[in-house]
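Each reported figure results from applying straightforward, stated rules to the coordinates on display, with no laboratory input. It should be emphasised that the depicted structure is a prediction, and the values quoted were computed from it without experimental measurement. With ideal geometry, Cβ positions are generated from the backbone for all residues, glycine too; neighbour counts draw on all protein chains shown.
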Amino acid sequence: MSDPELDTLAESARNRGLKLIRSRVRTPGKRRFGKVGLTDPKGKAVFGMDDKGPTAKPEDVEDYLRNLGAKDWGASLNVAVLPRKRKAKPARQAANDREPAPALKKPAKPKPAPKPKLRNAKPSDAPQIVELLKILTVEIDEKTVRTNLARLKKLGETPIVAVEDKLVIGLVGIHAMTSVHRPAPVGRIPVLAVAEKAHGRGLGRLLVEAAETWCRKQGCQILEVTSNDRLGEAHAFYRHMGYERTSIRFMKKL
């Protein structure tokens, strides 16, 4: 790996509370040249380390951190598993001439919740999109949303919405960017919002997967996500989906 790639790997380690240790051997061909390892903040070996220093390839450390991120997500979920209730056995009746009790009707099964449908956003969705964006602390008026939707439609990048009972309960933006330093277009998710009443139903995953499918069709080989620093839960969600933090975004108002 190049030095910039190792810097990115070190940043990924820091995001998980670990420290990347690089070999001090600078002569190619020697045993520990190019090796790296991981320690905790107190210097205790975690992965790819022995008494003399780093022993692992950067690619192995990268795989370890990626798997560790998925495990951290699973461990962070606050899920309680309730014990199964045993079915009460009916009491035995004495053998006699009594007529059998009438059979009880089984309660009707509850209807499953309707599955949201995904489609391209329409100008008439503007009022509901405005409300969705407030979840991200974004203030914008309906007229601007309609104007933006018209522009995005001309570019072939109309956002995808999730609709349930004629209500827009989710939104994901899509964008493909050609850059001089990339061999293929770079996909981006500039915005993702899910109505609070729809949380916990896997709608975020459904929208992200729809965006990934669209980006693949545009020939994108990687997909980037823009997420506000304050949205810690969103960051955990993206890590669970396989995304890694690779850079810091800077902004300047013009």
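Here are a few things to note about the model shown:
- Karplus (6.51, -1.76, 1.60) ³J(HN,Hα), θ = phi - 60°, over region 26-31, in Hz, Gly and Pro reported as x: 10, 9, x, x, 6, 3
- 23 Å Cα-Cα threshold exceeded, pairs from 57/217; 115/153; 166/197; 143/166; 154/253: 57/217; 115/153; 154/253
- Signed unit charges on C-beta, dipole axis of region 134-254, positive-most listed residue 144, 236, 171: 144
- Spread over its residues, the convex hull of the C-alpha atoms of region 3-74 is 83 Å³ per residue.
- 18 Å reach of a label modelled at residue 138, 7 Å along Cα-to-Cβ, counting backbone N of region 165-196: 168-177, 187-196
- Charge dipole (debye, nearest 20) of region 110-215; +1 at Cβ of Lys and Arg, -1 at Cβ of Asp and Glu: 280
- Over every Cα atom in region 112-254, the radius of gyration and the widest Cα-Cα span, Dmax, amount to 15.2, 50 Å.
- Estimated Rh, region 115-187: Kirkwood, alpha-carbon pairs, angstrom: 13.3
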